[in-house]
1. Are any residues in the range 241-255 surrounded by fewer than 20 Cβ atoms within 10 Å (Cβ to Cβ) and in contact with a strand residue (DSSP E or B) (Cβ under 8 Å, 6 or more places away or on another chain), and if so, which ones?
2. Just wondering, is there one or more residues in the range 329-352 that are among the small types (G, A, S), within 30 Å of T300 (Cα to Cα) and modelled with pLDDT of 90 or more?
3. Which of the numbered conditions does D191 fail, given that it passes all the others? Conditions: (1) in a helix (DSSP H, G or I); (2) surrounded by fewer than 17 Cβ atoms within 10 Å (Cβ to Cβ); (3) modelled with pLDDT of 80 or more; (4) not aromatic (F, W, Y).
4. With the condition kept exactly as written, say whether any residue in the range 504-516 is assigned to a loop (DSSP other than H, G, I, E, B) and at pLDDT 80 or above.
5. Please verify whether K316 is at pLDDT 90 or above and outside any strand (DSSP E or B), treating the condition exactly as stated.
6. Cβ-Cβ under 7 Å, sequence separation 6+ or interchain: first residue in the range 493-510 and touching a residue at least 12 places away in the same chain (Cβ under 8 Å), partner of a type in the set (S, T, Y). Which pairs?
7. Determine if the range 279-302 includes at least one residue that is assigned to a helix (DSSP H, G or I) and surrounded by fewer than 22 Cβ atoms within 10 Å (Cβ to Cβ).
8. Residues being under 20 Å from the mean Cα position of the chain (by Cα) and free of Cβ contacts under 8 Å to residues at least 40 places away in the same chain: count how many of those fall in the range 332-351.
Amino acid sequence: MASGKQRKSLSIEDKLKIIKESASNSQRQLAISFGVGKSQVQRVLKRKAEIIEEFERNGNLKRKRLCVTGEFDDVDQLTWTWFELARSKNTPVSGPMIQEQARKFAVRLDKPQFSASNGWLARFKNRHNIVGSTLTGERASVEPATVESWVLERLPEIVSGYAACDVYNMDETGLLFRALPDKSLSVKGRDCAGGKKSKDRLTVALCVNALGEFETPPVIGRSLRPRCFKSLQLHQLPVAWVANKKAWMTRDIFDPWIRRFNGKMSSQGRKVLLFLDNASSHSHNLDLSNVKIQFLPANTTSVLQPLDLGKIQNMKCHYRSQILRSVLSKIDLSASATEIAKSITVLDACHWIKTAVSKINPETVQKCFHKAGFEFQQEDTFSGDTSQANPSDETHGLEEILSLAVSTLDLADPLSSQSYANIDDDIQTTDALEDGWEDGLVEDFLAAREKTVEVDEEGEEDVTEIFPEISTYPDAIKCANDLKQFAVLKGLDSILSDVLSIQRKLEDASFRQRQSAKQTSIDSYCQRL
């Protein structure tokens with residue numbers, strides 16, 4: 001007669017413990033310790049990679065089975081993306097709402113056999129660690145228990161084995177690149193979703209490692225070739241310029257960027273870890289050789305994402321200091337500050353963004369990573385005393401120039417320096433939850449799968465461009481000579497030194513060009529003989 005002994009099922013959490021303890025214990029010892037058979041321990045160790053991947057995906061560790069692929073994976077993926085976006089906007093979501101939305105996605109994906117049954121709903125919640133049968137009224141605030149579990153348990157395990165220089169965070173932010181410190185010019189939320197003012201916005205993506213080393217920032221505009229890029233190749237820009245009609249981050253922009261980033265890490269022989277939020281534009285299923293993507297827990301980026309803890313604001317402080325300096329320097333040549341602001345081009349913005357990023361203090365970046373719970377081994381600790389590095393220190397320069405600008409430009413109802421730096425924080429950088437946004441989610445999903453994208457190739461800025469008359473080296477050298485005379489007249493010794501250096505470089509470049517042209521002419525003559 002068969003015994004009534006029942007096989008013990010292990011949770012994913014138990015399986016992780018077995019994997020961790022397998023380095024110092026035999027399989028027999030593990031079997032005895034966890035009260036299972038040796039063959040079960042062997043199966044766990046055989047699926048080690050899958051179990052660790054499930055853990056790093058922030059899955060429900062109390063589950064006993066791993067997620068498996070199936071016929072309706074795309075429906076599941078779209079429904080989960082929809083759920084995350086809805087909850088990020090504090091939209092109440094219930095079980096029946098999830099089922100109804102899943103059915104709609106299935107119809108759009110031509111899968112009428114999908115039923116979104118109660119069993120499917122239960123498995124969907126289990127897969128994505130959604131607690132409770134009804135989610136209506138769920139708090140939008142960060143759950144302290146989630147944060148504590150992440151910082152004390154998951155994060156140390158995830159970053160284990162990585163040096164600080166190999167742990168990255170990437171995030172996007174909207175930027176009103178012509179905005180002055182005047183409330184009448186600020187645009188938030190839906191106001192920037194379309195219309196004339198949306199032409200004044202860009203999306204900037206910052207990517208930085210835990211030592212404070214930034215990657216070249218991708219900048220997303222509405223036009224692939226704005227008029228101000230005349231005679232320029234995109235690779236000559238100080239940023240990585242890309243475009244779509246809404247100036248938003250999409251998977252068609254994100255995927256090529258992260259593959260280039262992966263290629264760079266591969267060429268350097270580095271394996272890195274990249275932390276991202278769960279935006280719909282961030283692909284979840286990329287196969288990368290040298291970049292491991294780790295998604296932060298939902299609704300926690302305000303406290304767990306390093307870039308959200310002051311670095312984006314610092315970049316905007318430095319950027320807006322440059323806007324004000326530019327406007328102040330030209331105010332005597334124009335009727336108003338607003339007129340000058342309208343003349344700012346996306347090329348100006350690209351240079352100012354690059355400069356703003358380069359001015360961010362690495363120590364304050366390290367401080368933000370530390371504040372988000374990142375700790376590294378002794379040999380990888382941050383340089384300097386990060387306890388003294390305050391992200392708010394970098395707002396002081398903006399306060400000083402803002403005070404001068406308010407008194408000089410006669411601005412109506414001026415903002416404080418902090419409010420001015422943050423006027424575009426609410427601007428969306430990916431699909432918004434507006435009427436019909438679910439259809440847009442499906443379109444983006446299908447476009448990413450089919451590798452299609454619609455870009456305004458010949459779009460134009462809503463400004464009248466004035467191109468400089470400097471088109472040759474002699475023209476540039478003459479301008480440098482004029483600047484030299486001005487610096488001498490005003491006694492500006494430091495500027496004089498810089499101008500002389502520029503003049504010498506222009507003369508050298510002009511000489512090399514003449515030599516090249518002369519050599520080409522001789523070669524051409526010889527070929528005709």
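The values are calculated or read from the model by the stated rules, or taken from the named source; none is laboratory data. Predicted, not measured: the structure shown is a model, and the values here were computed from it. Positions of Cβ are generated from backbone atoms using ideal geometry, with glycine treated the same way; all protein chains shown enter the neighbour counts.
1. K245
2. No, the range 329-352 contains no residue that is among the small types (G, A, S), within 30 Å of T300 (Cα to Cα) and modelled with pLDDT of 90 or more.
3. The one condition D191 does not meet is (3).
4. In the first step, residues of the range 504-516 are kept if they are assigned to a loop (DSSP other than H, G, I, E, B); the result is none.
Looking for residues that are assigned to a loop (DSSP other than H, G, I, E, B) and at pLDDT 80 or above, one finds none in the range 504-516, hence no.
5. Details: at pLDDT 90 or above: yes; outside any strand (DSSP E or B): yes.
Spelling it out, K316 is indeed at pLDDT 90 or above and outside any strand (DSSP E or B).
6. Partner pairs satisfying both residue conditions: L506/Y473; A509/Y473; S510/Y473.
7. If we filter the range 279-302 for residues that are assigned to a helix (DSSP H, G or I), which is where we start, we get 301-302.
Okay, now just the ones that are also surrounded by fewer than 22 Cβ atoms within 10 Å (Cβ to Cβ), so 302.
Checked against the condition, which is being assigned to a helix (DSSP H, G or I) and surrounded by fewer than 22 Cβ atoms within 10 Å (Cβ to Cβ), the range 279-302 yields at least one hit.
8. Residues that pass the stated criteria total 0.
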